[in-house]
């Protein structure tokens, strides 16, 4: 049978089946099981109304249970077992996890993922905020927004092709067809532009990142350090943890700045960007930032428009300049939305697979967890370790899951 | 907003320029691929796509002279145009890869054995000799010429309409379509009923269910791959369209229910209560009132699910693609081309654009609904 025909039949059967299920199950409930007539009419109506929600929910619950809830438990189980020759599974405890933690590729994937988790949400949110703020102030803002938003519609694989062309390399002497190399080769050693774009701008960027981290950590740690207001034990612990992470990041940034300042760059030689260890991760991240910025922009732009006018007017009357208005009036008021955007992008990052799979397939030290897992499951056929890797992803998602559920519950009350 | 007190901000120009830069930066990579898909492989390999938009001077690959020999008064000549088109201006030419710019346009060069070659400014050439050329290899001509922009649709016709082309996308295109349409329609229906129950019916455990759905919203589908593949194999679905439709339905449901419930809760209570007082059953209220009113939310989710299933690679890899390759989808086909045809940008660019074109069309046509859905889905 032709697949298209099969698809058509599936649509008809699926949609028809769903409608028939809902219609006839309701009919059955009202007419046969609990008919609203006779001596028991009142009680029957009540009973029917108690059952009906579950009729409506049944197909969705079955699908959700089978396709999302059951796999969580099945994966936990699989991660604790091992396939034995000749079929069947045996329980091996945490052996898969131990095996996984002995693999350098796993640690490479985990570290890379942590970099992805810091860089992509931060850069997407920052660019998104910038684009939202700028586009709200100009006439052609809507066109600009729609163009920045456009990569959202492009598949990760399509984006991988687009960016592979950007990163393309031709041997020295030939004309470069990738933009990155063409731009790179236009820089000369010692020229003012090279100094500006390849030394000063990166240094300022990294320094800005370090300062931003320091400010954010200080804002978090301030109540704990100054001991004003109620400070609970877990909050102190969280502050210490965040503080330690921040100190590490700032330490790394300072070394990064020194590295950039002292590095001698190989001017005039075309670079193969995707095989450059460590930095190639950032070239892959650029693809996801490019895609996710539109999302951040759309949501933050709506939030910025929701900022009450009178707070801004008051600030203008008090003589605030546009930067003060933005950073001290608008941004604090949309902090909640920024957090939502940040966490949503974080989840996308944790699941990122297609980009790495299509562009480098984890070679040249670009492995990430999702691709590592895929490798284990379908290339090495090691279901135990693959499931253990999936559990690591689940574990990283869990805090966000809990936070989301907590917020949703708070809102419903 | 800064105009509130009647003062025009001095930053206006800076805002315009930075926005233009940002948009250009975001558009540039896509435009590059788009332009490349209309160029021949020679053009792509010899110059950056950005230089193809204007007239450019470049060194062309060698062109071997060929054509019919004409005999006039004992002189054998071959003549024609090197480029097969007009508008090219030859600046210099040569017959040797070591000296590709040896001669100027219009010069006649003696190639030995009485053969003489002339290349004129517009690319016309004449090769003359006192005896027939026989089977002898004709000379190659290296040119440095100013070439106006030239684009071709051949890449698209090869990728889309050439049945024998193993790199073709036609089959993959229809397979993707076959995956996408049922996987978009079915979850909408299932989710709509569930969302109505969660929004407008009162029953114990409702709050818990909503919380569970918010939780499932972020469960990575990576967890589901192995257990479900095992399940599909056990119940006999295996790797098939049915499997991938079911998987997409399951993975799309949390967002669908969440979006639709949020929208339905916001519908005016009066309408629904009036209908109840008038004796409408829940089933009637749902089909006659709630469903039509929820159209914007349904459209939002439909776009999301469409984009997601169309662009998906992982679910198709696991639940659909087998070794036969008969069911390949476009994303997989592109990844394969990246492996086997990594340097052939004309094929890659065209294939990628074939797959990108449909979502982009949907995106620009229905952007309003997409934005609305995003806002409903994440801003609380």
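Within the range B:147-159, does at least one residue satisfy the condition of being within 16 Å of residue B:63 (Cα to Cα), touching a strand residue (DSSP E or B) at 6+ places or on another chain (Cβ under 9 Å) and surrounded by 14 or more Cβ atoms within 10 Å (Cβ to Cβ)? Please lay out each step first, then the result.
The first filter runs over the range B:147-159 and keeps only residues within 16 Å of residue B:63 (Cα to Cα), leaving B:147.
Subset that is touching a strand residue (DSSP E or B) at 6+ places or on another chain (Cβ under 9 Å): B:147.
Of the ones still in play, those that are also surrounded by 14 or more Cβ atoms within 10 Å (Cβ to Cβ) are B:147.
Looking through the range B:147-159, at least one residue is within 16 Å of residue B:63 (Cα to Cα), touching a strand residue (DSSP E or B) at 6+ places or on another chain (Cβ under 9 Å) and surrounded by 14 or more Cβ atoms within 10 Å (Cβ to Cβ).
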Checklist outcome for this item: Within the range B:161-171, restricting to residues that are surrounded by fewer than 24 Cβ atoms within 10 Å (Cβ to Cβ) and either within 10 Å of chain A (Cβ to nearest Cβ) or in contact (Cβ under 8 Å) with a residue 60 or more places away in the chain (or both), the one that is nearest to residue B:210 (Cα to Cα) is B:171
Checklist entry - Would you call residue A:244 in a helix (DSSP H, G or I), modelled with pLDDT of 80 or more and within 30 Å of residue B:343 (Cα to Cα)? => result no
Item to check | The one condition in (1) more than 8 Å from chain B (Cβ to nearest Cβ); (2) over 30 Å from residue A:89 (Cβ atoms); (3) in a helix (DSSP H, G or I); (4) touching a residue at least 40 places away in the same chain (Cβ under 8 Å) that residue A:299 fails to fulfil | outcome: (1)
Next on the checklist: For the range B:44-70, which positions are in contact (Cβ under 8 Å) with a residue 12 or more places away in the chain, over 18 Å from residue B:145 (Cβ atoms) and either outside any helix (DSSP H, G or I) or out of contact with any helix residue (DSSP H, G or I) (no Cβ under 8 Å at 6 or more places or on another chain) (or both)?
Outcome noted: B:66, B:67, B:69
Checklist entry - Given (1) without any contact (Cβ under 8 Å) to a residue 40 or more places away in the chain; (2) outside any helix (DSSP H, G or I), where does residue A:158 come up short, assuming only one miss? => result (2)
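Can you tell me which residue among B:259, B:221 is buried (at least 16 other Cβ atoms within 10 Å of the Cβ), modelled with pLDDT of 85 or more and touching a helix residue (DSSP H, G or I) at 6+ places or on another chain (Cβ under 6 Å)? Spell out the reasoning first.
Details: B:221 fails: modelled with pLDDT of 85 or more.
Matching residue, one of B:259, B:221: B:259.
Residue-by-condition table, conditions (1) within 14 Å of chain A (Cβ to nearest Cβ); (2) more than 30 Å from residue A:137 (Cα to Cα); (3) in contact with a strand residue (DSSP E or B) (Cβ under 6 Å, 6 or more places away or on another chain); (4) outside any loop (DSSP other than H, G, I, E, B):
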site: B:16; (1), (2), (3), (4): yes, no, no, yes
site: B:30; (1), (2), (3), (4): yes, no, no, yes
site: B:87; (1), (2), (3), (4): no, yes, no, no
site: B:92; (1), (2), (3), (4): no, yes, yes, yes
site: B:105; (1), (2), (3), (4): no, yes, yes, no
site: B:116; (1), (2), (3), (4): no, yes, yes, yes
Checklist entry - Applying the selection to the range B:357-373, what residues are without any contact (Cβ under 8 Å) to a residue 12 or more places away in the chain and either within 17 Å of residue A:297 (Cβ to Cβ) or at the interface with chain A (Cβ under 8 Å from one of its Cβ atoms) (or both)? => result B:360, B:364, B:367, B:368, B:371
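Suppose we filter the range B:337-356 for residues that are more than 15 Å from the chain's Cα centre (by Cα) and either outside any helix (DSSP H, G or I) or more than 10 Å from every other protein chain (Cβ to nearest Cβ) (or both); how many remain? Give the derivation first.
To start, the set of residues in the range B:337-356 that are more than 15 Å from the chain's Cα centre (by Cα) comprises B:339-344.
Within this subset, residues satisfying the condition of being either outside any helix (DSSP H, G or I) or more than 10 Å from every other protein chain (Cβ to nearest Cβ) (or both) are B:340-344.
Matching residues across the range B:337-356 total 5.
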Next on the checklist: Quick test for you: out of B:242, B:208, pick the one residue that is assigned to a helix (DSSP H, G or I) and under 33 Å from the mean Cα position of the chain (by Cα).
Outcome noted: B:242
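The values are calculated or read from the model by the stated rules, or taken from the named source; none is laboratory data. Bear in mind the structure is a predicted one, so any value in this text is a computation, not a measurement. In this analysis, Cβ positions are derived from the backbone assuming ideal geometry, glycine residues included, and neighbour counts consider all displayed protein chains.
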